[in-house]
Every structure is written in C-alpha cells, then in structure tokens.
1. Considering only the range 26-40, state which residues are part of a strand (DSSP E or B) and touching a strand residue (DSSP E or B) at 6+ places or on another chain (Cβ under 8 Å).
2. On the basis of being within 18 Å of residue 39 (Cβ to Cβ), part of a loop (DSSP other than H, G, I, E, B) and either in contact (Cβ under 8 Å) with a residue 12 or more places away in the chain or charged (D, E, K, R) (or both), does residue 50 make the cut?
3. What is the residue count in the range 1-25 for residues that are at pLDDT below 90, part of a loop (DSSP other than H, G, I, E, B) and loosely packed, with under 15 Cβ neighbours inside 10 Å?
4. From the set of residues in the range 98-136 that are assigned to a strand (DSSP E or B) and among the charged types (D, E, K, R), which is farthest from the chain's Cα centre (by Cα)?
5. Suppose we filter the range 98-113 for residues that are closer than 17 Å to residue 58 by Cα, out of contact with any helix residue (DSSP H, G or I) (no Cβ under 7 Å at 6 or more places or on another chain) and not hydroxyl-bearing (Ser, Thr, Tyr); how many remain?
6. What are the residues in the range 53-68 that are loosely packed, with under 14 Cβ neighbours inside 10 Å and either free of Cβ contacts under 8 Å to residues at least 12 places away in the same chain or part of a strand (DSSP E or B) (or both), if any?
Amino acid sequence: MTFRNLVEKTEYAIYYVKDELWLAHGQGSGQTVQLPTLAKYLNSDKNDVEHYDSTVSRIVKYTKYLTPIKKTSNTELYEIPSYPLLRGNYGEYYDIWGGTVKPIGKIYMLITEEKSTIINFFGKKNEALAWINSIK
C-alpha cells in the first residue's frame, strides 16, 4: 500500500448517528442522508421518485474505503458503526477520527447493482443476510 492510499483510506468514512448516515471526511464534515427509519431504501433510478436519492453514487464511491462483510455477484453487505449523538460535547471525537467515543451499535448497508443501484439498510445482520438470500 502506498502512502497516498493510506492517507486516502483514513480520510473517508461512512457512519450512522441517530437518524443520519454520514459520508464524511472528518467528524462533522461531509454529507448526510436522512434515515428516520432503516426500512427506507435509496435508489439511483430517477424514475423511482419516492426512493431516488442523488447521494447513492457518492455512497458507492465511499464504500471503496470499506471492506464488505459479504459479497455476491451483484450485492455487497457492509457493517456501518452507529455512534451516539454528541450534543454540546466539544472536544469529543468518534474513535474513527482518533477520539475516545466508541460505537453504540451497528447497522448493515446492502448495495445491490441491477438496472439501478439500490441501497437497503438493516438493524440486524441476520435480516440483511436473509434479504441477500431472498434476491438470489
């Protein structure tokens, strides 16, 4: 691994806080996707007006810095850390940015490449694995 790849790898992260998925290059810096419920899915197809989200391509771009926990011919499953909301706790940082605040859980993000890119979210790993098995 080159120094440049090492630096790039540590500059980007995907994590979840309260009801937001963060595509970040630093704590509090980046873009968020509102996920008031994990039952929501995102789609790159503009014809799917209800589920279309322009951030799908960016999410896929950021996953190159992650290692999938399961991969099939058209799906990749990622484990995303879930952190507590830090309100007014200035000076505290999440451990992915060198701080001491640890994740309080995990969510699972499944990316499916078909006619369009579809991203599903799950609260439990078994739910995500069952979904993968159902779409084979």
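1. Hits for the range 26-40 are 30, 31, 32, 33, 34.
2. For residue 50, the condition - within 18 Å of residue 39 (Cβ to Cβ), part of a loop (DSSP other than H, G, I, E, B) and either in contact (Cβ under 8 Å) with a residue 12 or more places away in the chain or charged (D, E, K, R) (or both) - is met.
3. Selection size over the range 1-25: 2.
4. Out of the qualifying residues, it is 113.
5. The qualifying residues number 2.
6. Within the range 53-68, 54, 61, 64, 67 meet the criteria.
The values are calculated or read from the model by the stated rules, or taken from the named source; none is laboratory data. Because the structure is a prediction, the values reported are computed rather than measured. Backbone-built Cβ (ideal geometry, glycine too); neighbour counts: all protein chains shown.
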